[in-house]
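This report refers to the structure that appears directly beneath it.
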Amino acid sequence: MTRLQHVSVLKARSVRQVDLRWSEANVWAVSDPVVRVSVVVPTHDRVERMVRLLNALAVQDIGELFEVVVADDRSGDDTVDRLRARPPAPAFRLVILPSEVNTGPAGARNRGWRSARGELIAFVDDDCVPDPGWLANLVAGLDAADIAVGRTRPPDDQLHLIGPFSSYLDIGHNRTFSTCNIAYRRPVLQELGGFDAATFVWPNGEDTDLGLRSVKAGFRDRYVPEALVWHDVVPSDFRPHLRRMRRLEGIVALVSRHPEARGNLGGGVFLRSVDKAVLLAWAAALGLLLRPRRATRACAVVAGVLYVWQFDRAHYRARSRGEWATAVPLGFVADSWAVMIMIRSSARHRTLLL
């Protein structure tokens, strides 16, 4: 039986009426355990967003009972207790997987899909809100493919939050296989072992790695733009932005394993043009320190102007002149930290990417 025939047989099976009960373990106990579709969500200290996501999943209409597996990654808030106290939702069976250790999103997703009962595994993140037709469209996309990738956009009412240190997603299928909006057939995950949580310690690149490994193994992917997810905008805040720089190591690990991914990142040694400007500024500062002459001072000025120009190209636009004046020096600190991380990661993974 082919993969497509196997899924077709599963889809043809009727799901009988089930008797839903709320168990002490806070897992739906069902008289008929047949669940064809599972939604896996990793979460950590985002209980309000997790509740919002469950509300959005409660209005998904796929014509059958599905399962939501919440893999809590050792949250320090009351996520587990709040979700356990949540009233049952008729649309889905809820499974909560607490963890005694923090493994990161990749490890949490692995725990989630391995515990799920469905043959079709959808992934979404806790800072997302899927459209009501999201899950049905992803499932339909798997009728003729092994991987279905949806469309991800920032909410219109959050666009005003975008500033120099913001982060947001506005993507279709750009070969990143982002786990905020994707579905796999279970055989894909089983054959490839899921996400590589050991290599991708920081949450960046592990989803692209799995997608690329899947395609190389002969599995077929399909873009389903009708499967729409709204992904929260991360507001412009310097300290969280600085912490996010650690995630760049995942990009180096990705390029080390999949050299062809370098083309999607710009195709050269440098991940961002602003990194070149940072290195030139470092060189000019060193020259100014060692030989403070007119020529070295001029070079330092040129390097500074070049960085400002590249800063404007690499970062989102400032919302005021005051914000811009503050963001440029802070941006140089963050970009310098990013370059140091890339240098160290390049040495660790034996792949030059700055």
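The values are calculated or read from the model by the stated rules, or taken from the named source; none is laboratory data. Computed from a predicted model, the values in this text were never measured in an experiment. Ideal geometry is used to build each Cβ from the backbone, glycine not excepted, and the neighbour counts take in all protein chains shown.
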When region 170-184 is examined, which residues are found to be modelled with pLDDT under 95 and of a type outside the set (Lys, Arg)? Ile171, Gly172, His173, Asn174, Thr176
Condition check: assigned by TED's automatic domain parsing to the domain that holds Ala148, crowded, with 17+ Cβ neighbours inside 10 Å and within 15 Å of Cys180 (Cβ to Cβ). Does Asp72 satisfy that? no
Give the number of residues within region 164-217 that are among the small types (Gly, Ala, Ser) and either in contact with a strand residue (DSSP E or B) (Cβ under 8 Å, 6 or more places away or on another chain) or surrounded by 22 or more Cβ atoms within 10 Å (Cβ to Cβ) (or both). 8
Neighbours by Cβ (under 6 Å, 6+ apart or cross-chain): first from region 223-251, among the aromatic types (Phe, Trp, Tyr); second not in a strand (DSSP E or B): Tyr223/His173; Trp230/Pro155; Phe238/Phe165; Phe238/Leu330
Residues of region 312-335 satisfying the condition of being modelled with pLDDT under 95 and either assigned by TED's automatic domain parsing to the domain that holds Leu159 or within 15 Å of Val278 (Cα to Cα) (or both): Asp312, Arg313, Ala314, His315
Checked pairs for region 269-285, first among the β-branched types (Val, Ile, Thr), second in a loop (DSSP other than H, G, I, E, B), C-beta under 7 Å and 6 or more apart or across chains, list as Val269/Leu352; Val269/Leu353; Val269/Leu354
When you look at Val39, is it on the phi < 0 side of the Ramachandran plot, over 17 Å from the mean Cα position of the chain (by Cα) and either in contact (Cβ under 8 Å) with a residue 60 or more places away in the chain or not in a loop (DSSP other than H, G, I, E, B) (or both), yes or no? no
Do any residues in region 167-191 that are more than 26 Å from Val233 (Cα to Cα) have Cβ atoms under 7 Å from those of residues that are surrounded by fewer than 17 Cβ atoms within 10 Å (Cβ to Cβ), where the two are at least six apart or on different chains, and which pairs are they? Arg185/Arg3; Pro187/Arg3; Glu191/Ala217
Residue pairs, Cβ under 9 Å, 6 or more apart or interchain, first in region 116-145 and within 17 Å of Leu94 (Cα to Cα), second surrounded by fewer than 19 Cβ atoms within 10 Å (Cβ to Cβ) and of a type in the set (Asp, Glu). List them. Leu135/Asp61
Within region 218-256, take every residue that is among the charged types (D, E, K, R) and buried (at least 18 other Cβ atoms within 10 Å of the Cβ) and give me the one that is nearest to Ala347 (Cα to Cα). Glu249
Can you find a residue that is closer than 13 Å to Val278 by Cβ and in contact (Cβ under 8 Å) with a residue 40 or more places away in the chain anywhere in region 340-352? yes
